[in-house]
Amino acid sequence: MSAIVTAGLTKHYRSGSPRPGRPAAFVPALEDVTLEVRTGEIFGFLGPNGAGKSTLIRLLLGFLHPTAGRATVLGLDSRRESVAVRARVGYLPGGISLYDGLTGEELLAYLEQLSGRPATRRDLLCERLELSTRILRRPVRDDSRGMRQKLGIVQALQHDPELAILDEPSEGLDPLMQRAFYEILDDLRRSGRTVFFSSHVLSEVERVCDRVAIVRAGRLAAVEDVASLLARRRRRVEMRLAGPPPDLSAVAGITDLAIGDGRLTCSLEGDPRPFLAAIEGVELTDLTIEPARLEEAFLELYAGEEAAEAAEASRGAAGSGS
Amino acid sequence: MISRPLLVHTWRTHRVRVALIAIALGIWAWIMPVIYATFGRSLEVILHSGVIPDAFLRVLGADPFSLDGAVALGVIHPIAIALFVVYPVGFAAAAIAGERQRGTLEVLLSRPVSRRSVFLTNLVATIAVAILTTAAWLLGTLVGAAAYGLGDRLDAGNLAFLVANVVLLLAALAGISLAASASFDRLTPAIGIGIAVVLVSYVLEILGTMWPDAEFLQPFSVFHYLRPMDILAGRAAPGDLLVLAAVLLASVAFGLWQFPRRDLAAPS
């Protein structure tokens with residue numbers, strides 16, 4: 001069964017109040033999003049600020065009502081059965097606000113009671129995130145942003161939810177705690193839990209996610225396996241030569257070939273084996289193949305979408321002018 | 001429909017402030033029979049000497065320096081009104097809009113708690129505070145009267161009706177403030193509506209009492225449906241309770257309709 005399914009999910013916000021003679025304007029926040037998150041996977045939802053990531057999450061939890069389309073979470077309708085959805089989901093809001101007057105212990109206990117499920121993972125999570133008893137016994141108002149984020153992660157996962165929805169989860173965490181958080185996600189994956197998280201930190205998504213969706217201006221630009229997305233990326237190759245250069249002109253996947261001063265550079269796309277076969281026996285002093293980065297894929301997708309939009313706009317302008 | 005953890009959390013968060021208000025109201029109520037017993041006769045002479053205009057006497061009630069009049073004044077005096085309404089208006093207005101403004105509402109609503117349950121739990125908490133503070137006022141009145149041997153001059157049935165009337169007035173104000181709270185993302189407009197209803201109602205009632213030409217405005221004031229002097233004199237009007245109950249039900253119905261329908265966008 002799928003953990004999350006959306007079909008044509010659309011959300012438009014009303015902009016300003018309607019006045020006589022001036023109908024209310026609507027701003028599209030999410031447009032026709034159709035998506036499936038499989039049970040047991042870690043799914044990244046990528047996009048810059050304002051792209052619609054939080055809007056989708058809030059629609060899944062019933063905080064917002066869709067303008068069109070529908071969403072099911074764990075087989076339940078996100079609008080009509082939102083209370084039942086929230087009983088089975090753990091949620092970390094982006095830039096979480098907590099009850100400042102409570103201590104960390106009181107806060108977690110209160111949210112456990114509201115969840116109606118025992119906090120079976122709390123001790124383990126606190127240990128992993130280095131939330132000691134001393135820290136948990138002081139008021140939340142005295143905690144730093146990073147500490148609050150850790151409390152946010154614990155409150156979202158302490159009752160071992162079937163699905164964790166995390167909005168910018170590593171924000172405010174130092175590199176050590178980010179690593180601890182990634183280990184927590186690996187644990188969740190091993191125990192068959194599903195994680196849906198939004199982020200604009202590409203290295204993090206690349207590190208932990210099985211699949212990603214890239215959202216741009218409220219529309220889905222791509223939904224792919226991280227591995228296949230990376231496999232298709234162009235990698236930069238640099239060779240220092242001690243002898244004559246190899247002939248790479250006919251090798252599949254090689255572009256931007258440049259040779260000079262005992263140095264060969266090119267771009268390599270797709271399967272690297274034809275390239276490796278072609279350089280066999282070549283006298284080299286050094287060889288560097290930079291790993292494919294999600295960041296490049298992300299930027300390429302965005303650049304491609306922008307170019308397509310610009311082309312469409314210019315076609316539209318030409319059409320209206322003729 | 002009532003969330004017990006939310007109710008307990010609300011009580012724990014507010015218990016000290018509620019206790020302080022209850023003590024203040026108890027002391028205020030205790031003072032009224034004491035003033036009557038100590039200064040009542042001489043003040044009555046001054047009030048009836050013609051120095052004070054009749055219009056002002058009408059504001060105080062028909063017989064302000066009888067024991068019943070002193071007790072009634074203890075309910076409708078601006079200080080008493082301020083103490084009585086601070087929670088039904090202030091807390092109720094902050095209950096949802098305040099959490100929304102602070103960003104904690106989404107932590108609460110990420111749990112399996114419906115918006116209607118949040119609304120009703122806050123309503124129950126506010127009415128419980130209204131009952132508690134009114135009970136403190138009653139206790140202060142009874143202790144003050146008993147201290148001067150006046151306890152037997154207060155009619156238990158009339159006092160019970162007055163307590164019910166006060167609680168219902170506070171519940172109606174709480175319902176209005178909570179409905180406003182459920183309608184806004186910011187505390188300021190919610191609390192503004194609550195305070196405006198109290199101030200406008202109070203001004204309309206006073207204006208209508210002092211100026212006969214403005215009497216037609218009084219039915220538009222919620223305070224018009226709390227007449228402590230008439231109640232203590234045995235002239236209670238059950239219709240007043242019905243009007244206040246209707247205001248409460250209408251505001252609760254609006255809040256329960258409006259809150260679940262609203263979009264709760266990400267806090268800005």
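The values are calculated or read from the model by the stated rules, or taken from the named source; none is laboratory data. Keep in mind the model is a prediction, meaning the values are calculated, not measured. Because the Cβ atoms are built from the backbone with ideal geometry, glycine has one as well, and the counts that use them run over all protein chains shown. We work out accessible area using only protein heavy atoms, side chains counted, and drop any ligands, DNA or RNA first. Shrake-Rupley method; radii C 1.70, N 1.55, O 1.52, S 1.80 Å.
Descriptive notes on the structure:
- Comparing the full protein assembly with the isolated chain (1.4 Å probe, heavy atoms, ligands and nucleic acids excluded), the residues of region A:38-87 losing at least 50 square angstrom of accessible area are A:R58, A:F63, A:H65, A:V83, A:R86.
- Within a Gaussian network of chain A (alpha carbon springs, distance under 10 Å), most fluctuating of A:F43, A:F63, A:F196: A:F63
- Estimated FRET transfer efficiency when R0 is 45 angstrom, pair B:I2-A:N49 (beta carbons, to 0.05): 0.70
- Area hidden from solvent between B and A (accessible, protein heavy atoms only, 1.4 Å, total, Å²): 2300
- Here the contact order of region B:4-261, divided by its residue count and restricted to Cα pairs under 8 Å and six or more residues apart, works out to 27 percent.
- Peptides A:280-289, B:120-129 ordered by packing proxy, namely the average of other Cβ atoms within 10 Å per residue, highest first: B:120-129, A:280-289.
- Region B:4-261, accessible area per residue, ligands and nucleic acids excluded (1.4 Å, Å²): 43
- A simple spin-label model places pseudo-atoms 7 Å from Cα toward Cβ; at A:A252 and B:V143 they are separated by 9.2 nm.
- Per residue, the accessible area of region A:1-102 comes to 41 Å² when a 1.4 Å probe rolls over the protein heavy atoms.
- Taking the accessible area of region B:4-261, probe 1.4 Å, and keeping the other protein chains in place, the carbon and sulfur fraction comes to 71%.
- Ranked packing of B:111-118, A:126-133, most packed first, by mean Cβ within 10 Å: B:111-118, A:126-133
- Counting DSSP beta bridges with both ends in chain A, the antiparallel % (nearest 5): 70
- For a modelled paramagnetic label at A:S15, 7 Å from Cα along Cα-to-Cβ, the residues of region B:253-268 in reach, with backbone nitrogen under 20 Å, are B:263-268.
- For chain A: rounded, prolate or oblate by the Cα gyration tensor [a/c cutoff 1.5]: oblate
- Shielding by other protein chains, B:108-119, mean Cβ within 10 Å: 6
- Here region B:1-16 and region A:260-274 have alpha carbon centers that stand 67 Å from each other.
- Reduction of at least 20 Å² in accessible surface, 1.4 Å probe, comparing all protein chains with the chain by itself, residues of region B:253-268: B:D263, B:L264, B:A265, B:A266
- Segment B:D213..B:R12, full-extension length gain: 67.5 nm, with 0.36 nm per residue of separation and the alpha-carbon distance subtracted.
- Cβ-based charge dipole, region A:20-131, positive-most Cα from A:L92, A:T103, A:L35: A:L35
- Simple Cβ-charge dipole of region A:96-204, Lys/Arg +1 and Asp/Glu -1, about Cα centre, in debye nearest 20: 160
- Lys, Arg +1 and Asp, Glu -1 on Cβ, resulting dipole of region B:4-261 about Cα centre, debye, nearest 20: 1240
- Shielding of peptide A:91-97 by partners, expressed as the average count of other chain Cβ atoms within 10 Å per residue Cβ, is 5.
- Within 10 Å of the Cβ of each residue in B:2-12, the mean number of Cβ atoms contributed by other protein chains is 3.
- Mean-position separation - Cα centroids, region A:37-73 and region B:162-223, in angstrom: 42
- Based on DSSP H segments of at least four residues, each scored -39500 (n - 2.57), chain B has a per-residue ellipticity at 222 nm of -25000 deg cm²/dmol.
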